[in-house]
Amino acid sequence: MSSKIYDFKNFKGDFTGGLVAGVVALPLALAFGVQSGMGATAGLYGAIAVGIFAALFGGTQTQASGPTGPMTVVSAALVAAAIQLNGSLEAAMPIILLAFIVGGLLQVVFGFLNIASYVKYFPYPVVSGFMSGVGLIIIILQIFPFAGLGSSKSTLAVIQDLPRLFSEANLQALMLGGITIAVYYLFPKITKAIPSALVALIVATLIAYFGQMDVPVIGEIPSGLPSIKIAGILEVDASAYGLIMEYAVVLAVLGSIDSLLTSVIADNMTKTKHNSNRELIGQGIGNMIAGVIGGIPGAGATKGTVVNINAGGKTRLSGTLHGLFLLAVLLGLGKLAAHIPLCVLAGLLIPIGFKIVDLKGLKHLRKVPRADAVVLILVLLITTFGSLIYAVGAGVALACLLFMKKSGDLSEQGMEVGNIADIDGSKPWQDEVEFYEKYKDRVIIKHLYGPLFFGFTSYFKDQIKGLPGEIDAVIFRMDRVPYVDQSGLYALEDIIFDLREQGIEVLLVGLQEQPCDMLKAVDIIPDLVPEDDLYADIDDSFDYLRTKLKNSKA
């Protein structure tokens, strides 16, 4: 490999990052495989295939990919539906794997068609409701395995069968699950150098093994390289095509959203810019190969990506090494993994479920616009207790209705962002000219027009990125912003937080009643923007900044 292709200065960081990301991914891959209904082996195969090939072909240098909670929940629903159709997991496997492969193929198509540019138009309540529903599904479906009992296939079945817990629960399994959760949460207080999920997995498994506890375990995991498992795919009955396409579309859409959200997090941490379309192509290739070898599909994994970056990962080699590490584990330690109790995996998944639940969005339900709150709750309930397919469809439909309603309610439509420094071709307003001439190198003014809602939040964020480094303050003129929805609210919060982290003061001028009420409701005012930084008139903000800048020079 020549230095032109790879800079070996990055190798140490990439190796460390990939190794740590692989260690973090190992227990979760096993747990997600079990939850999918296909077994721990399928989780490990999926983590290997998606981890290696999404890194090689993807568009985010430091992304660590593998099975994730949302993708596993959809996979589990597909497995249950396919078994219901064909009677057994073995008979249903061609249907399941074909859906995985078609889902990956759709992601590749999405990448070539630039579909990534449309993902940003999903409103916050829809994404929040879906993700929170997925988190609740993970938690609810792990209740019975946590107690050492067989898992149910639906959340409603678990709730209906709850009385069985009190008569049949395995006390040893409950103790092991409790130890797992305790170690998961308490070990980081000792050190964060070793992933707590791995420590919890090892500690609880050793207790079960040497204590000779009678609890259900993973069982035998095949050793050696994965084999091709597409026999029978071409013979799938035409009656299953509808089911295959339904779940393939959901897996492709959800996997794309999941991965691109993680890519944005990686960008923010590394100050780089990912290639969205290439990322979808890479994820699609990884998911297709996962399906070919019998693994569950995955996406960009936020936790793995974050630890990869923090451990020094800088290039796509780090993500590739993370997948190769899991392959080495499969080849060398597969027999040891057979002794891991299922209640321990449940103890790992329950905290993961709680992390997926959007507590921030739920906490603000009574404070955000009522329409946003209703959409979030509806999508959450449909996701948790109904059909994931219907939840995605309902979310898209509700997003369209929200857009039409807000467009109809507000006479001013759309938003434009202008810059006093003339970066994007706009000119300073008449009442800004004098101030602009003197302070254009130290103060940026952004002009906002119209409602700030989900259709424009991504554009808004893009316009704020890349501000000049040597500035002291940013003024947002919001005289002409009559309405802010939940998506716009959180976009503004993220922007203000990032600016404050850079030591840049943020002033808001001309806040109208509804936006002001929303900012106060979620504590952006006064936590991020003190009351003293709110101005009704632009001249008053200029007077304050003149004094501040004069004193800073002195």
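All of the numbers you see were taken from the coordinates with simple rules; none came from a lab. These figures come from a predicted structure and were not determined experimentally. Glycine gets a Cβ as well: all are built from the backbone with ideal geometry, and neighbour counts include every protein chain shown.
Just a few scattered comments:
- Phi angles of the range 246-262 translate, via the Karplus equation with coefficients 6.51, -1.76, 1.60 and θ = phi - 60°, into HN-Hα couplings of 4, 6, 4, 5, 5, 4, 5, 5, 5, x, 5, 4, 4, 5, 5, 5, 5 Hz per residue; Gly and Pro are given as x.
- When you restrict to C-alpha pairs under 8 Å that are six or more residues apart and normalise by the size of the range 167-221, the relative contact order lands at 40 percent.
- Beta bridge orientation in the chain: antiparallel %, DSSP, nearest 5: 30
- Computed from backbone phi with θ = phi - 60° and the Karplus coefficients 6.51, -1.76 and 1.60, the 3J(HN,Hα) list for the range 536-550 is 7, 10, 5, 5, 5, 5, 5, 4, 5, 5, 4, 5, 5, 5, 5 Hz; x is used for glycine and proline.
- Gained length - Glu470 relative to Phe354, 0.36 nm times residue gap less alpha-carbon distance: 37.7 nm
- Normalised by the number of residues in the range 9-359, the mean separation of alpha-carbon contacts (under 8 Å, six or more apart) gives a relative contact order of 45 percent.
- The loop-placed trypsin sites (Lys or Arg not before Pro) in the range 230-299, going by DSSP, that have at most 15 neighbouring Cβ atoms within 10 Å of their Cβ come out as Lys271, Lys273.
- Once the chain from Asn268 to Asp532 is taken as fully extended at 0.36 nm per residue, the excess over their C-alpha distance is 92.1 nm.
- Rounded to the nearest Hz, the phi-derived 3J(HN,Hα) couplings of the range 222-239 under the Karplus curve 6.51 cos²θ - 1.76 cosθ + 1.60 (θ = phi - 60°) are x, 9, x, 5, x, 10, 5, 10, 9, 4, x, 5, 6, 9, 4, 5, 4, 5, where x marks glycine and proline.
- Sequence-distant residues sharing a close amide H with Ser65 (under 5 Å, placed H): Ala301
- Annotation: peptides 198-211, 156-169, 257-270, 22-35, ranked by per-residue average of other Cβ atoms within 10 Å with the highest first, follow the order 22-35, 257-270, 198-211, 156-169.
- Value of Rg/Rh across the range 242-296 [Cα atoms, Kirkwood radius]: 1.06
- A convex hull fitted around the alpha carbon atoms of the range 9-359 yields 135 Å³ per residue.
- A convex hull fitted to the Cα coordinates of the range 85-200 yields 208 cubic angstrom per residue.
- Here Asp479 and Leu186 are evaluated by their C-beta separation; at R0 = 56 Å the FRET efficiency comes out at 0.65.
- Cα-derived Rg to Rh of the range 488-546, Kirkwood definition: 0.95
- Taking only the C-alpha atoms of the range 76-129, the Rg (one decimal) and the largest Cα-Cα distance, Dmax (whole number), read 15.4, 41 Å.
- Length gained on full extension, Asp498 to Ala521, computed as 0.36 nm times the residue gap minus the Cα-Cα distance: 6.3 nm.
- Here is the list for the range 313-376: trypsin sites (Lys or Arg not before Pro) lying in DSSP coil, each with at most 10 other C-beta atoms within 10 angstrom of its C-beta, are Arg366.
- Shape category assigned to the range 180-298 from the gyration tensor of Cα positions, a/c cut at 1.5: oblate
- Measuring nothing but alpha carbons in the range 242-334 and taking Rh as the Kirkwood radius, the Rg to Rh ratio lands at 1.00.
- Modelled FRET efficiency - R0 25 Å, Leu381 with Phe166, Cβ distances, 0.05 increments: 0.40
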